[in-house]
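**Student:** Here it is, the structure in full.
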Amino acid sequence: MGDRAPAELLKMADALMPGASRDAARLARGGIHDVVLLPGVAAVRISRLVAVLELGGKPLTRVGSYAEHIVAWLERNADREPPGS
């Protein structure tokens, strides 16, 4: 089915699908995306394109920093209602 998903990608998948079992999680690769496959639950597609963000005036160019920023934003906004709800 694919290689074992790296911890960094599992952390992002866990932020999007809290509580979902990661025991059988596998990695699939597309053209510009990595996909964390959570069998019977979801396929979490994560772009491999390097994005340059600024956080507090400091550029974030490492994928790890970018991933941690996304996970932190998801955690801060977990209780927000989606637009139009």
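The values are calculated or read from the model by the stated rules, or taken from the named source; none is laboratory data. Just so it is clear, the model here is predicted, and its values are computed rather than measured. Cβ sites come from the backbone with ideal geometry, for glycine too, and all protein chains shown count toward neighbours.
Residue by residue, here is whether (1) at pLDDT below 70; (2) assigned to a helix (DSSP H, G or I) holds:
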{"site": "Asp34", "(1), (2)": "no, no"}
{"site": "Leu37", "(1), (2)": "no, no"}
{"site": "Arg45", "(1), (2)": "no, no"}
{"site": "Pro59", "(1), (2)": "yes, no"}
{"site": "Gly64", "(1), (2)": "yes, yes"}
{"site": "Ile70", "(1), (2)": "no, yes"}
{"site": "Leu74", "(1), (2)": "no, yes"}
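**Student:** Could you tell me how many of the residues in the stretch 1-37 are more than 12 Å from the chain's Cα centre (by Cα), surrounded by 13 or more Cβ atoms within 10 Å (Cβ to Cβ) and closer than 20 Å to Glu75 by Cα?
**Tutor:** 2
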